[in-house]
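Presented below is the structure to which this report refers.
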Amino acid sequence: MSKKRGSFAALAVLALLALATPVPADEEAPAVPLTTADLKGVTTPSADDLAKGDPGGSLTGSAADIVMADPKAGLTLADVVNQVGQNRIAINFVWTLVAGFLVMFMQAGFALVETGLCRAKNANHTMMMNFMVYGFGMFAYWVMGFALQQGGSAGITNLGGLNPLNGEFKLSLFGKDWGLFGTKGFFLSGGAYDVGIMVMFLFQMVFMDTATTIVTGTAAERWKFAAFAISTFFLGAITYPLFGNWAWGGGWLSQLGGNFKLGHGYCDFAGSGVVHSVGGLTALAVAMVIGPRIGKFNRDGSPNAIPGHDITMVLLGCFILAFGWFGFNPGSTLGASGAGNLRIGSIAVNTMLAGCTGSFGALLYMWMRFGKPDASMSGNGLLAGLVAITAPSGFVNTVGAAIIGFSAGVLVCLSVEFLERVMKIDDPVGATSVHGTCGLWGVLCVGLFADGTSNYGGSWNGVDGSVTGLFYGDAGQFLAQLIGVCTLVGVIFTLSYVFNVIIDVFVGQRVSTDVELEGLDLPEMGALGYPEFQLVTPGLGRSIEIGG
Amino acid sequence: MKGLALVLIVGGWVMAVGGLVATEAMMVRTGAALAGLAVSLAGIGALNNAHVANAFWKGKAR
């Protein structure tokens, strides 16, 4: 018994010593720097092994694939670390480019939604606006839009620094610098002929094009094609890039954090404000200038429904847009490797959730209010949720995303009714509500729901720490977002309105009454969208029979 | 009327940004921004009313 006790006591003492005495653990061993000599011992698959093929994938990709600066000297440490750095940038390039390709495909979604919600007699015209908005907008953006927006945005390390974009025009007022527009990168020439800047241009260009295509929906079925072309050029060259610079290009809104201690300054992760609100508010301005379609309002101001011609087209378009949004939001990290970019998973899920709850919110509202689950408004609810989550997607958790999406789904229905019944605005596709109203709501949601867990390299807009909204303790962030909303409404809307009035005076925004009644396809485009159909305009007693 | 409405819209933005410059008190700044937004939205309403006042669907010839 005593022997057993003695052994037990000895074990206990040993255990205590083991706990008390610091063990020379691995972490305490001095770190041995890796040298080029260590790399000489790295084995690579032999030529014979590789000649047998590699069905399991265990041989492909080894030290033998690292590019050597001097093959005679063999693999060096410098070769390895350079390869690591280039791999990070390569991953980010590929991620951003593929995301940009997805966003480009959204043009197809917009084209289907807008054309489907219009009447068959305007199908060619509406589709052509959506088609050519890509070309007109891109040309304007290449000439000057990109330079105005991103010309002073050097320092984006995810894409290698973009160092040649180092010119920002600033005004010095009240002791602060107010960045207004960039000055480098016109025609992507000079120093802007740079691999990283090309990636940035492609990604930003498809975003800009999304904003321009919002307007074509609101002004559809009565917009003169020439006026549309000029208006789109202006939006791509001036209006969009200006706000883009203020928010994303290092301009004054992004500096509200550093200059006025308002959180992290205006934060718009993927563009609820920059893309959707700019597009939506421009659409509102054009809608005011151009006026409603003939037959939309009765003399007492009551509205008439003018149904679209193809709801299947509309819902297919919504699905394509939802798919493309996975490029829009997660792609806005501008990278997948390093600097907190692994949050792309969270951003993608937030995007999916908000779209889902948005369609649910709109469906529920319409069902309760009108007794039927409305298909087109369910589609608009999906888009509203996606629009609203675009700005907060990188800063909020899934619960926040679900709430933002659902509220946007209800909000879009209220906004459509308000614009139509109170303001007498005719918006055939509801774009002003989807993108304008819900875009502004999304901007504010950053200031409310950002949970302070994101960490993109330790800072945002030059302010250390994570973006945090009012509900998580930072009232300054909400105010920064509010200033962004005021700027969109006060400056961007006004610019768009004034320019479109000028177009109206010199070119004319609206087609003639005869053209509108006949449909814009033949008079404006020279060909019908559906030449073998008999097109009948209900209530007008007119029909056009072509072909057959 | 339309000119006045545009002045209101831009004036709202000036109010909001002016609040940032004028004071460091968060409540005052927020109040100025909210008031500015309200003024801008009222301006948009006035601008729209100016357009609707002469709308063709009210029966006047286009």
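For segment A:294-320, give me each residue that is within 14 Å of another protein chain (Cβ to nearest Cβ) and either in contact with a Lys or Arg (Cβ under 7 Å, 6 or more places away or on another chain) or over 23 Å from residue A:418 (Cα atoms) (or both).
Step one: of segment A:294-320, the residues within 14 Å of another protein chain (Cβ to nearest Cβ) are A:294-304, A:306.
Those that are within 14 Å of another protein chain (Cβ to nearest Cβ) and either in contact with a Lys or Arg (Cβ under 7 Å, 6 or more places away or on another chain) or over 23 Å from residue A:418 (Cα atoms) (or both): A:297, A:299, A:301, A:303, A:304, A:306.
Please enumerate the residues belonging to segment A:15-57 that are at pLDDT 85 or above and open to solvent by less than 100 Å² (accessible area, probe 1.4 Å).
First, the residues of segment A:15-57 that are at pLDDT 85 or above: A:44-57.
Within segment A:15-57, A:44, A:45, A:46, A:47, A:49, A:50, A:51, A:53, A:54, A:56, A:57 qualify.
Evaluate the following for residue B:34: is it within 8 Å of another protein chain (Cβ to nearest Cβ), open to solvent by 50 Å² or more (accessible area, probe 1.4 Å) and not small (Gly, Ala, Ser)?
On the way: within 8 Å of another protein chain (Cβ to nearest Cβ): yes; open to solvent by 50 Å² or more (accessible area, probe 1.4 Å): yes; not small (Gly, Ala, Ser): yes.
In short, yes.
Taking only pairs six or more apart or across chains, which ones have beta-carbon atoms under 7 Å, a first residue in segment A:416-427 that is open to solvent by less than 50 Å² (accessible area, probe 1.4 Å), and a second residue that is of a type in the set (Val, Ile, Thr) and not in a loop (DSSP other than H, G, I, E, B)?
A:419/A:432; A:424/B:52; A:425/A:432; A:427/A:218
Filter segment B:37-62 down to residues that are open to solvent by 50 Å² or more (accessible area, probe 1.4 Å) and not in a helix (DSSP H, G or I) and give me whichever is modelled with the highest pLDDT.
So the residue we want is B:54.
Could you pull out every one of the helices (runs of 4 or more DSSP H) wholly within segment A:76-159 that has 3 or more residues that are touching a Leu at 6+ places or on another chain (Cβ under 6 Å)? Walk me through how you get there before you give the answer.
Working: elements: A:77-117, A:123-140, A:146-150.
It comes to A:77-117.
Count, please, the residues in segment B:1-16 that happen to be farther than 19 Å from residue A:285 by Cβ and either facing chain A (nearest Cβ under 7 Å) or charged (D, E, K, R) (or both).
Number of matching residues: 1.
Would you please name the residue that is nearest to the chain's Cα centre (by Cα), looking only at residues in segment A:236-289 that are of a type in the set (S, T, N, Q) and open to solvent by less than 10 Å² (accessible area, probe 1.4 Å)? If you could, list the steps in order and put the result at the bottom.
As a first pass, look at segment A:236-289 and keep what is of a type in the set (S, T, N, Q): A:239, A:245, A:254-255, A:259, A:272, A:277, A:282.
From what is left, the residues that are open to solvent by less than 10 Å² (accessible area, probe 1.4 Å) are A:239, A:245, A:254, A:272, A:277, A:282.
On the way: A:239: 17, A:245: 15, A:254: 17, A:272: 7, A:277: 12, A:282: 17 Å.
If we take residues in segment A:236-289 being of a type in the set (S, T, N, Q) and open to solvent by less than 10 Å² (accessible area, probe 1.4 Å), then A:272 is nearest to the chain's Cα centre (by Cα).
Would you check which residues across segment A:183-194 are among the hydroxyl-bearing types (Ser, Thr, Tyr) and either open to solvent by 80 Å² or more (accessible area, probe 1.4 Å) or assigned to a strand (DSSP E or B) (or both) and list them?
Taking segment A:183-194 first, the residues among the hydroxyl-bearing types (Ser, Thr, Tyr) are A:183, A:189, A:193.
Selection gives A:193 alone.
Take the conditions in a loop (DSSP other than H, G, I, E, B) and out of contact with any helix residue (DSSP H, G or I) (no Cβ under 6 Å at 6 or more places or on another chain) and apply them to residue A:257. Does it pass? So that I can check it myself, show each step before the final result.
On the way: in a loop (DSSP other than H, G, I, E, B): no; out of contact with any helix residue (DSSP H, G or I) (no Cβ under 6 Å at 6 or more places or on another chain): yes.
No.
Exactly one of these conditions fails for residue B:25: (1) within 7 Å of chain A (Cβ to nearest Cβ); (2) surrounded by fewer than 19 Cβ atoms within 10 Å (Cβ to Cβ); (3) more than 19 Å from residue A:491 (Cα to Cα). Give me its number.
Every condition holds for residue B:25 apart from (1).
Farther than 22 Å from residue A:208 by Cα, open to solvent by 20 Å² or more (accessible area, probe 1.4 Å) and aliphatic (A, V, I, L, M), is that true of residue A:180? Before you say what the answer is, go through the steps one by one.
Numbers: farther than 22 Å from residue A:208 by Cα: no; open to solvent by 20 Å² or more (accessible area, probe 1.4 Å): yes; aliphatic (A, V, I, L, M): yes.
So residue A:180 does not fit the description; no.
Looking at residue A:67, is it outside any helix (DSSP H, G or I), hydrophobic (A, V, I, L, M, F, W, C) and either closer than 18 Å to residue A:232 by Cβ or touching a residue at least 12 places away in the same chain (Cβ under 8 Å) (or both)? Quick ask: steps written out before the conclusion?
Working: outside any helix (DSSP H, G or I): yes; hydrophobic (A, V, I, L, M, F, W, C): yes; either closer than 18 Å to residue A:232 by Cβ or touching a residue at least 12 places away in the same chain (Cβ under 8 Å) (or both): yes.
Yes; evaluated as a whole, the condition is true for this residue.
Could you identify the single residue in A:197, A:238, A:230 that is part of a helix (DSSP H, G or I) and touching a Pro at 6+ places or on another chain (Cβ under 7 Å)? Please lay out each step first, then the result.
On the way: A:238 fails: touching a Pro at 6+ places or on another chain (Cβ under 7 Å); A:230 fails: touching a Pro at 6+ places or on another chain (Cβ under 7 Å).
None of the others qualify; the one that does is A:197.
Residue A:335 fails exactly one of the following numbered conditions: (1) buried (at least 22 other Cβ atoms within 10 Å of the Cβ); (2) assigned to a helix (DSSP H, G or I). What is the number of that condition?
(2)
Taking residue A:217, is it modelled with pLDDT under 95, in a helix (DSSP H, G or I) and in contact with a helix residue (DSSP H, G or I) (Cβ under 8 Å, 6 or more places away or on another chain)? Please lay out each step first, then the result.
Details: modelled with pLDDT under 95: yes; in a helix (DSSP H, G or I): yes; in contact with a helix residue (DSSP H, G or I) (Cβ under 8 Å, 6 or more places away or on another chain): yes.
For residue A:217, the condition - modelled with pLDDT under 95, in a helix (DSSP H, G or I) and in contact with a helix residue (DSSP H, G or I) (Cβ under 8 Å, 6 or more places away or on another chain) - is met.
Show the residue pairs meeting these rules: Cβ distance below 8 Å; 6+ apart or different chains; first residue within segment A:516-530 and of a type in the set (Asp, Glu); second residue crowded, with 19+ Cβ neighbours inside 10 Å and assigned to a loop (DSSP other than H, G, I, E, B).
A:516/A:221; A:516/A:222; A:516/A:293; A:521/A:528; A:521/A:529; A:524/A:224; A:524/A:511
Within segment A:276-293, can you find the residues that are among the β-branched types (Val, Ile, Thr) and more than 8 Å from chain B (Cβ to nearest Cβ)?
Residues of segment A:276-293 that are among the β-branched types (Val, Ile, Thr), as a first pass: A:278, A:282, A:286, A:289-290.
Scanning segment A:276-293 gives A:278, A:282, A:286, A:290.
In segment A:58-75, how many residues are in contact with a helix residue (DSSP H, G or I) (Cβ under 7 Å, 6 or more places away or on another chain), at pLDDT 85 or above and not small (Gly, Ala, Ser)?
Matching residues across segment A:58-75 total 4.
Please determine, by comparing only the residues of segment A:365-394 that are among the hydrophobic types (A, V, I, L, M, F, W, C) and without any contact (Cβ under 8 Å) to a residue 24 or more places away in the chain, which one is surrounded by the most Cβ atoms within 10 Å (Cβ to Cβ).
Step one: list which residues in segment A:365-394 are among the hydrophobic types (A, V, I, L, M, F, W, C), which gives A:366-368, A:370, A:375, A:377, A:382-384, A:386-389, A:391.
Keeping just the survivors that are without any contact (Cβ under 8 Å) to a residue 24 or more places away in the chain gives A:367-368, A:370.
Numbers: A:367: 14, A:368: 9, A:370: 11.
Checking each candidate, the answer is A:367.
The values are calculated or read from the model by the stated rules, or taken from the named source; none is laboratory data. Note that this is a predicted model, so its numbers are computed, not measured. With ideal geometry, Cβ positions are generated from the backbone for all residues, glycine too; neighbour counts draw on all protein chains shown. What goes into the accessible areas is simple: the full protein's heavy atoms, side chains included, and nothing from ligands, DNA or RNA. Shrake-Rupley method; radii C 1.70, N 1.55, O 1.52, S 1.80 Å.
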